[in-house]
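I have placed the structure first, in the form of structure tokens, so that the comments after it can refer back to it.
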Amino acid sequence: MSTTTNATATSSIEKINTPKNAQLTSVLSHAVKAYGPGLIFCSGCTPHDSALSLPEGGIKEHTEQVIRNLTNVLEAAGSAWEKVIKVNVYLTDMNDFTAMNEVYERLLPSPKPARTCVQVVKLPGGADVEMECIAAI
């Protein structure tokens, strides 16, 4: 069970931040819950842990950590991977696509959500993968 902290409801919008992830509240909320349409918009998660450390390993280990981080955010917002509608994946090297996809396929429930995967030049903190998602409440 995840604890939701710093949740402030403004009309039909709630900002969500979980203590299980790095605290970057000066620049973003981990997620924003929109009650009207019943959607949660999760900010991009990198593989950094709550202490902002990049875990050892390569793209597979980093993808696992990103999915754990997004799981923390989804739980804090009252949702789960089964309710995810869309995922965006950002890789610094598209040659990592197959390895990332193996982990993604193994850890996410089926049927899988809609997804986009693109290569980017650079990600924060030296990360090689970042994911963001939109989920139903």
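The values are calculated or read from the model by the stated rules, or taken from the named source; none is laboratory data. Note that this is a predicted model, so its numbers are computed, not measured. Cβ atoms come from the backbone with ideal geometry, glycine included; neighbour counts cover every protein chain shown. Keep in mind that these areas ignore ligands, DNA and RNA; they rest on the heavy atoms of the full protein, side chains included. Shrake-Rupley method; radii C 1.70, N 1.55, O 1.52, S 1.80 Å.
Residue-wise test of (1) touching a Phe, Trp or Tyr at 6+ places or on another chain (Cβ under 6 Å); (2) more than 20 Å from Ala22 (Cα to Cα).
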{"residue": "Cys42", "(1), (2)": "no, no"}
{"residue": "Thr46", "(1), (2)": "no, no"}
{"residue": "Arg68", "(1), (2)": "no, no"}
{"residue": "Leu74", "(1), (2)": "no, no"}
{"residue": "Gly78", "(1), (2)": "no, no"}
{"residue": "Leu108", "(1), (2)": "yes, yes"}
{"residue": "Lys112", "(1), (2)": "no, yes"}
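Could you grab me the full set of residues in the range 39-57 that are under 16 Å from Pro124 (Cα atoms), free of Cβ contacts under 8 Å to residues at least 60 places away in the same chain and not polar (S, T, N, Q)?
Correct list: Asp49, Ala51, Pro55.
Test Val120 against the criterion of being open to solvent by less than 30 Å² (accessible area, probe 1.4 Å) and at pLDDT 95 or above, and give yes or no.
no
Yes or no, residue by residue, for (1) touching a Cys at 6+ places or on another chain (Cβ under 9 Å); (2) open to solvent by less than 40 Å² (accessible area, probe 1.4 Å):
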site	(1), (2)
Glu75	no, no
Val89	yes, yes
Met94	yes, no
Phe97	yes, no
Val103	no, yes
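Only residues that are open to solvent by less than 70 Å² (accessible area, probe 1.4 Å) and within 12 Å of Tyr90 (Cβ to Cβ): list them for the range 123-132, please.
Passing the criteria: Leu123, Ala127, Asp128, Val129, Glu130, Met131, Glu132.
Could you tell me how many of the residues in the range 16-37 are within 21 Å of Asn88 (Cβ to Cβ) and open to solvent by 20 Å² or more (accessible area, probe 1.4 Å)?
Residues that pass the stated criteria total 7.
Within the range 56-72, can you find the residues that are open to solvent by less than 60 Å² (accessible area, probe 1.4 Å) and outside any loop (DSSP other than H, G, I, E, B)?
Ile59, His62, Thr63, Glu64, Gln65, Val66, Ile67, Asn69, Leu70, Thr71, Asn72
Mind telling me which of the residues Ser53, Ser110 ends up being at pLDDT below 95, of a type in the set (Ser, Thr, Tyr) and open to solvent by 70 Å² or more (accessible area, probe 1.4 Å)?
The match here is Ser110.
Only residues in the range 73-91 that are part of a helix (DSSP H, G or I) and among the charged types (D, E, K, R) count as the first member; pair them with residues that are surrounded by 16 or more Cβ atoms within 10 Å (Cβ to Cβ) and modelled with pLDDT under 95, Cβ under 7 angstrom, at least 6 apart or cross-chain, and list the lot.
Taking only residues 6 or more apart or on different chains, the pairs are Glu75/Ser2.
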